[in-house]
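Shown next, in C-alpha cells, is the structure this report addresses.
The values are calculated or read from the model by the stated rules, or taken from the named source; none is laboratory data. All values derive from a computational prediction rather than experimental measurement. All Cβ positions, even for glycine, are placed from backbone atoms using ideal geometry, and neighbour counts span all protein chains on display. Ligands, DNA and RNA are stripped out before the accessible areas are found, and what is left, the full protein with its side chains, is counted by its heavy atoms. Shrake-Rupley method; radii C 1.70, N 1.55, O 1.52, S 1.80 Å.
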Amino acid sequence: MSNPFFEKYTTLHETAPFDKIKLEHFEPAFLEGIKRDKEHLDMIINNPEPPTFENTIDPAEEDEEYYDLLGKVSSVFSNLLSAETNDEMEALAQKMQPILTQHQNDVMLNEKLFLRVKAVYENHRELTPEEETLLNKTYEGFVRSGALLDEAGKEKLRKLSEEASILGLQFSQNVRKETKDYIMHLTSEEDLAGLPDTQKMAAREAAKERNLEGWVITLDYPSYGPFLQYAEKRELRKELLLAHSTLCTHENETNNLEICKRIVNLAREEAQLLGYPSYADFVLKKRMASSIANVYDLLHKLIDAYKPTAIKERAEVEAMAKRMEGDDFEMQPWDTAYYSHKLQLEKYNVDSEMLRPYLELSKVIGGVFGLATKLYGITFKENKDIPVYHPDVKAYEVFDKDGSFLAVFYADFHPRKGKRGGAWMTEFQGQEINHKGENVRPHVSVVMNFTKPVMAADGVTVEKPALLTLGEVETFLHEFGHSLHGMFANTRFGSLSGTNVWWDFVELPSQFMENYALEKEFLHTFAFHYDTGEPMPDELIDRVIAGRNYNVASGCLRQVSLGLLDMAYYTKTEEFTDDIIPFEKEAWKEAIIGKQLPESCMTVQFSHIMAGGYSAGYYSYKWAEVLDADAFAVFKKEGIFNTETAQRFRDCILSKGGTEHPAVLYKRFKGSDPTINALLERNGIKTEKA
C-alpha cells in the first residue's frame with residue numbers, strides 16, 4: 001500500500017497531503033522513521049574522521065528527505081492528536097509513545113555519540129555565534145538528558161522518562177474526554193433567561209449536532225464562559241461551574257489525581273538524578289528568570305502591587321450582588337462572573353455582546369492580516385488547493401513585502417469533538433537553511449475554539465456568521481503573534497528557529513500583539529457591523545477603552561495564583577505525598593481573594609504544567625507580560641504602526657529565534673533592559689514601589 005509519508009510531498013510548497021494521509025499510514029511511518037534515524041546515528045558514530053562541527057553537530061547528508069521521515073510523521077501526528085483526534089488515534093498514541101520515548105533515550109544516552117559531541121565541545125574551530133549556540137545547546141541537551149550518568153543512572157532515567165511520557169499523554173486524554181463528554185441539556189426556554197440571542201442560537205446548534213431537542217451547554221469556553229456570565233438561573237450556573245471545576249476528580253477511569261501526583265514525583269526524581277535539588281532548579285537553569293528566587297520575586301512583586309486593588313474590585317462586585325439580591329446574599333464562585341458583568345455594565349455600559357456584531361470572524365481575519373501588512377508589509381492569500389485536515393481549516397500562502405514566498409499559514413477556528421480546548425500555535429514544518437543552501441520556509445498553524453456560526457435548519461446555510469467577543473479577538477492576536485515568530489524565522493538551524501526560544505521569552509511576540517486589540521486605529525480597520533456595515537461607533541470604543549482595566553488586578557492575581565501552584569509542585573525536594581486538593585488551596589492562597597469550593601481542583605486539568613511543557617514555567621506568562629508592555633511602550637512612543645520600529649522588532653526578535661540569549665535580543669531592540677513600570681502604567685496600578 002502506498003504511504004504518503006514515504007514519498008516526497010508533491011503538494012504546493014510541499015505541504016502535508018492531508019487528503020491522502022490515513023490512520024494506517026502512521027505506525028509504519030513511525031517505525032521506518034526510527035529505523036532511518038538509527039541508520040543516521042550509526043553513520044555519525046562510525047565516521048572514521050575525528051569529530052568536527054560538520055560531521056557530528058551538523059552532519060550534511062545527500063538525502064535529507066530520507067533521514068527526516070521521523071520528524072515529518074511526528075509533526076503531523078502530534079498536531080492532529082490535539083486538533084483532530086479520535087479513539088483509534090489516541091489508542092495508537094498510547095502504543096507509540098513508549099516506543100518513541102525509548103528511541104529518544106537511545107539517542108540522548110548513546111555514549112559513543114556523546115563522546116563525539118563532547119570532543120567537538122572541548123575542541124573546535126572558530127564558530128559563528130549561531131554555530132556556537134547550537135553546539136552549546138546540543139552538548140547541554142545531552143548532559144541534561146543524562147549523558148554523564150553511569151549505566152545504572154541512565155537506566156533509571158530511561159524508566160522515569162518513559163513513564164512520564166505515558167502519564168502525560170493519559171492526563172491529556174482524560175481531560176479531553178471528560179470535557180467533551182459533559183453536556184447540560186436544557187429543554188425549557190426559561191432556563192435560558194438572561195442569555196443573549198447569539199448564545200441561545202449557539203446552544204440550539206449544539207443540541208442539533210447531538211440530535212437533541214432544545215439547547216445544549218458544553219464545557220467548551222465559547223459555551224461555558226458566557227453561560228456563567230449571563231444565565232439568570234443560579235442553580236444552573238452552579239451545576240455548570242461544578243462540572244468544570246471538578247473535571248477529572250471523580251471516581252472513574254478519567255480521574256487525574258494520582259496521575260498528577262506521579263507526574264510531579266517523576267519530574268523531581270529525574271531532576272535529582274541529574275544533580276538538581278528540584279525540578280524547578282533544573283528547568284530554570286535554561287530560562288531568563290534563572291532561579292527559583294527570581295520567579296518568586298516577580299510573583300510577590302505582582303501580589304504586592306495588585307492585591308490591594310483586587311480586594312477593592314472584589315468588594316465592589318459583592319456590593320453590587322447585595323444591592324441586587326439583598327444584604328444577606330452571600331456570593332459564591334458561580335456568581336462571580338454574573339455579578340461582575342452586571343457591575344461592568346453599570347460602570348461602563350459595555351459588555352462583550354455589544355461588540356460581537358462588529359467582530360465578525362471574516363472581518364477580524366482581514367483586520368489581523370491587515371495589521372501584519374501595515375507593520376511588516378506581508379500579505380496573505382487563501383489557497384484552497386492546499387490540503388487541510390478538516391473542512392473548518394483555512395490555508396493561506398504568505399508573501400513577504402518583496403513578493404517572495406514567506407510561509408504557509410493554517411487557521412483552525414472552531415471547537416469540535418476531536419479537538420482539545422484552548423488555543424495554540426504549532427508548526428507542521430519549521431524554518432531552516434538546508435545543506436543545499438535552500439531557505440526552507442515554515443508551515444505554521446493556529447488552532448482555537450471560537451464561537452461558531454449559526455446554521456439554518458438545512459444545515460448548509462449560515463443563519464448568523466461567527467461573531468466573536470473582544471477576548472476571542474485578543475486570543476487570535478496572541479496566537480497570531482506566535483505565528484509571526486514562526487513565519488519570520490530566518491536562521492540556519494531548525495532547532496534554533498522561530499519559537500525555539502526559552503519559555504519565558506516565547507510569550508513576548510504573542511502577548512505583544514494583544515496590545516492592538518484596544519487601539520482605536522486598529523479597530524477602525526475592520527470592526528464593522530456584520531449586518532448594516534456600520535463602523536463600530538467611537539463612543540462604544542471609548543467605553544471599551546475606559547473599561548480596559550476593569551478587574552485587571554483580579555485577572556493578574558489569577559495568573560499569579562497559577563504560577564504559585566506550579567512552583568509549589570515543582571520546587572519539591574522530597575517525595576510528594578499530599579492530597580492534591582488541599583495542597584492546591586494552600587499553595588496559591590496568597591493570591592486568592594474569593595471563596596474556594598472544597599471539591600474544586602485546577603491541578604487535574606492544568607494541562608500547561610502537567611502535560612504541556614510549562615512545568616516550573618507558568619510564571620513565564622507574567623514574565624513575558626512585563627516584556628510585552630515594555631516593548632509596546634516603545635511602539636506607543638514611536639508610533640503603533642511605525643514600520644521602522646516594526647522592522648527593528650522583526651530583525652532583533654522575531655527573525656532571530658533562539659540564536660542568542662533573549663536578554664541580548666531584547667536589549668538590541670529597545671536599547672535598554674525592561675522594567676515593570678510600563679505594565680503597572682498600562683494596568684493603571686499605582687504603587688509606591690513602581
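Among the polar types (S, T, N, Q) and touching a strand residue (DSSP E or B) at 6+ places or on another chain (Cβ under 8 Å), is that true of residue 510? In short, yes. List pairs: first in the range 329-340 and within 15 Å of residue 226 (Cα to Cα), second basic (Lys, Arg) and open to solvent by less than 20 Å² (accessible area, probe 1.4 Å), Cβ under 8 Å, 6+ apart or cross-chain? These pairs meet every condition: 334/237; 335/237; 338/237. Can you find even one residue in the range 385-396 that is touching a Phe, Trp or Tyr at 6+ places or on another chain (Cβ under 6 Å), open to solvent by less than 50 Å² (accessible area, probe 1.4 Å) and of a type in the set (Ser, Thr, Tyr)? Yes: one or more hits. Within the range 143-154, being of a type outside the set (Ser, Thr, Tyr), open to solvent by 30 Å² or more (accessible area, probe 1.4 Å) and either assigned to a loop (DSSP other than H, G, I, E, B) or over 11 Å from residue 273 (Cα atoms) (or both) holds for 143, 148, 149, 150, 151.
Among the listed residues 135, 160, 167, which satisfies the condition of being in contact with an Asp or Glu (Cβ under 6 Å, 6 or more places away or on another chain) and either farther than 24 Å from residue 34 by Cβ or open to solvent by less than 50 Å² (accessible area, probe 1.4 Å) (or both)? Every option except 160 fails the conditions.
Every residue, every condition in (1) modelled with pLDDT under 95; (2) within 30 Å of residue 207 (Cα to Cα), yes or no:
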{"site": "428", "(1), (2)": "no, no"}
{"site": "440", "(1), (2)": "no, no"}
{"site": "448", "(1), (2)": "no, yes"}
{"site": "454", "(1), (2)": "yes, yes"}
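Criterion applied to 130, 126 was being open to solvent by 20 Å² or more (accessible area, probe 1.4 Å), over 30 Å from residue 177 (Cα atoms) and not in a helix (DSSP H, G or I), and the one residue passing it is 126.
Quick check, is residue 55 out of contact with any Leu (no Cβ under 9 Å at 6 or more places or on another chain), open to solvent by less than 50 Å² (accessible area, probe 1.4 Å), under 24 Å from residue 132 (Cα atoms) and in a helix (DSSP H, G or I)? For residue 55, the condition - out of contact with any Leu (no Cβ under 9 Å at 6 or more places or on another chain), open to solvent by less than 50 Å² (accessible area, probe 1.4 Å), under 24 Å from residue 132 (Cα atoms) and in a helix (DSSP H, G or I) - is met. Beta carbons closer than 7 Å, at least 6 apart along the sequence or on distinct chains, pair a first residue in the range 422-438 that is under 14 Å from residue 490 (Cβ atoms) and open to solvent by 30 Å² or more (accessible area, probe 1.4 Å) with a second that is part of a strand (DSSP E or B) and not hydrophobic (A, V, I, L, M, F, W, C) for 433/439.
Pairing residues of the range 112-128 that are over 17 Å from residue 143 (Cβ atoms) with residues that are open to solvent by 70 Å² or more (accessible area, probe 1.4 Å) and basic (Lys, Arg), at Cβ distances under 9 Å and at least 6 apart in sequence or on separate chains, gives 128/492.
One residue stands out in the range 322-365 among those that are among the hydroxyl-bearing types (Ser, Thr, Tyr) and surrounded by fewer than 19 Cβ atoms within 10 Å (Cβ to Cβ): the one that is farthest from residue 532 (Cα to Cα), namely 348. If we scan the range 383-395, do we find a residue that is in a strand (DSSP E or B), modelled with pLDDT of 95 or more, over 21 Å from residue 509 (Cβ atoms) and charged (D, E, K, R)? Yes, the range 383-395 contains a residue that is in a strand (DSSP E or B), modelled with pLDDT of 95 or more, over 21 Å from residue 509 (Cβ atoms) and charged (D, E, K, R).
The condition (being open to solvent by less than 50 Å² (accessible area, probe 1.4 Å) and within 17 Å of residue 167 (Cα to Cα)) is satisfied by just one residue among 242, 266, 274: 266. A residue that is surrounded by 21 or more Cβ atoms within 10 Å (Cβ to Cβ), of a type outside the set (Asp, Glu) and within 25 Å of residue 295 (Cβ to Cβ) occurs nowhere in the range 461-475.
Every condition in (1) within 30 Å of residue 340 (Cα to Cα); (2) over 24 Å from the mean Cα position of the chain (by Cα); (3) open to solvent by less than 70 Å² (accessible area, probe 1.4 Å); (4) not aliphatic (A, V, I, L, M) holds for residue 521 except the one numbered (3). For the range 74-86, state whether one or more residues are in a loop (DSSP other than H, G, I, E, B), open to solvent by less than 70 Å² (accessible area, probe 1.4 Å), among the polar types (S, T, N, Q) and under 28 Å from residue 393 (Cα atoms). Yes, there is a match, as at least one residue in the range 74-86 is in a loop (DSSP other than H, G, I, E, B), open to solvent by less than 70 Å² (accessible area, probe 1.4 Å), among the polar types (S, T, N, Q) and under 28 Å from residue 393 (Cα atoms).
Per the conditions (1) part of a helix (DSSP H, G or I); (2) without any contact (Cβ under 8 Å) to a residue 24 or more places away in the chain; (3) open to solvent by 70 Å² or more (accessible area, probe 1.4 Å), the sole criterion not satisfied by residue 311 is (2). On the given criteria, is residue 318 over 20 Å from residue 195 (Cβ atoms), among the charged types (D, E, K, R), open to solvent by less than 50 Å² (accessible area, probe 1.4 Å) and not in a loop (DSSP other than H, G, I, E, B)? No. Of the residues that make up the range 177-200, is at least one surrounded by fewer than 20 Cβ atoms within 10 Å (Cβ to Cβ), closer than 28 Å to residue 268 by Cα and hydroxyl-bearing (Ser, Thr, Tyr)? No, that holds for no residue.
If you go through the range 556-575 and keep only what is open to solvent by 40 Å² or more (accessible area, probe 1.4 Å) and part of a helix (DSSP H, G or I), you end up with 558, 559.
Quick check on residue 402: is it assigned to a loop (DSSP other than H, G, I, E, B) and surrounded by fewer than 15 Cβ atoms within 10 Å (Cβ to Cβ)? Spelling it out, residue 402 is indeed assigned to a loop (DSSP other than H, G, I, E, B) and surrounded by fewer than 15 Cβ atoms within 10 Å (Cβ to Cβ). Against the test of being farther than 30 Å from residue 283 by Cα and outside any loop (DSSP other than H, G, I, E, B), the options 170, 229 yield a single qualifying residue, 229.
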